[in-house]
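Peer 1: After the structure tokens below, expect a handful of questions from me.
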Amino acid sequence: MRDILFKEDTFVFSSRVSGVLVHDGKVLVQCLPGTTEHAFIGGHVMVGETQAEALVREFMEELHAPVTPVKLLAVGEVFIPWGKRPAHQIGLYYKVQLDDPAGIPLTGSFRGYDELGGKRIDLDFKWIPLEELPGLEIYPPDVVPFILQEPEGAAHFVYREIGRDAFKEV
């Protein structure tokens, strides 16, 4: 199967899913080693896969830990640069729970990896106290309020690093 990721000459479009794993007042985030830009664990959805199936697959690929999606927290429309092209992403953010809490370290930081295009990419995973989340460099920042104060239903947000004019050549 292939990712729902369309890289055209003038733009990129993708469907992504991310999991928000909270344990003991801390949330698990990931970043590339040596960087300060964090993200929630997840990735692109594959053709024919549900968002929830993609999320379970991504956690297995990156953490080797099975999870269960518990609740859809938010849907985000995200507009960012992708190299020199503008990108439009639709992202779903789920609250998840570990199926086996002994499967990963539940405190501190630890190393994991992902594979993209047959290439290994090391990842650092960190447990961040929820109260520190608003000051953390995290992508996308607009989902943070819905993690700190869980909505009754799914929330919606629009995050723009680029404006509509970036898509004028499309």
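Peer 1: Tell me, yes or no, whether the range 145-160 has at least one residue that is open to solvent by less than 50 Å² (accessible area, probe 1.4 Å), among the small types (Gly, Ala, Ser), under 15 Å from the mean Cα position of the chain (by Cα) and under 16 Å from residue 18 (Cβ atoms).
Peer 2: Checked the range 145-160: no residue is open to solvent by less than 50 Å² (accessible area, probe 1.4 Å), among the small types (Gly, Ala, Ser), under 15 Å from the mean Cα position of the chain (by Cα) and under 16 Å from residue 18 (Cβ atoms).
Peer 1: Out of the range 59-74, which residues are of a type in the set (A, V, I, L, M) and in a strand (DSSP E or B)?
Peer 2: Hits for the range 59-74 are 67, 70, 72, 73, 74.
Peer 1: Here are some residues: 77, 53. Which one is modelled with pLDDT of 95 or more, of a type in the set (D, E, K, R) and not in a helix (DSSP H, G or I)?
Peer 2: 77
Peer 1: Failed condition for residue 65, given (1) over 15 Å from residue 14 (Cβ atoms); (2) open to solvent by less than 10 Å² (accessible area, probe 1.4 Å); (3) in contact with a Ser or Thr (Cβ under 8 Å, 6 or more places away or on another chain), with all others met?
Peer 2: For residue 65, the failing item is (3).
Peer 1: Answer yes or no as to whether residue 110 is open to solvent by less than 20 Å² (accessible area, probe 1.4 Å), touching a strand residue (DSSP E or B) at 6+ places or on another chain (Cβ under 8 Å) and hydrophobic (A, V, I, L, M, F, W, C).
Peer 2: Here the answer is no, as residue 110 does not meet what is asked.
The values are calculated or read from the model by the stated rules, or taken from the named source; none is laboratory data. From a predicted model like this one, the values you see are computed outputs, not experimental measurements. Methodologically, a virtual Cβ is constructed for each residue, glycine included, from the backbone with ideal geometry; neighbour enumeration extends over all protein chains shown. Surface accessibility is based on the protein's heavy atoms, side chains included, excluding ligands, DNA and RNA. Shrake-Rupley method; radii C 1.70, N 1.55, O 1.52, S 1.80 Å.
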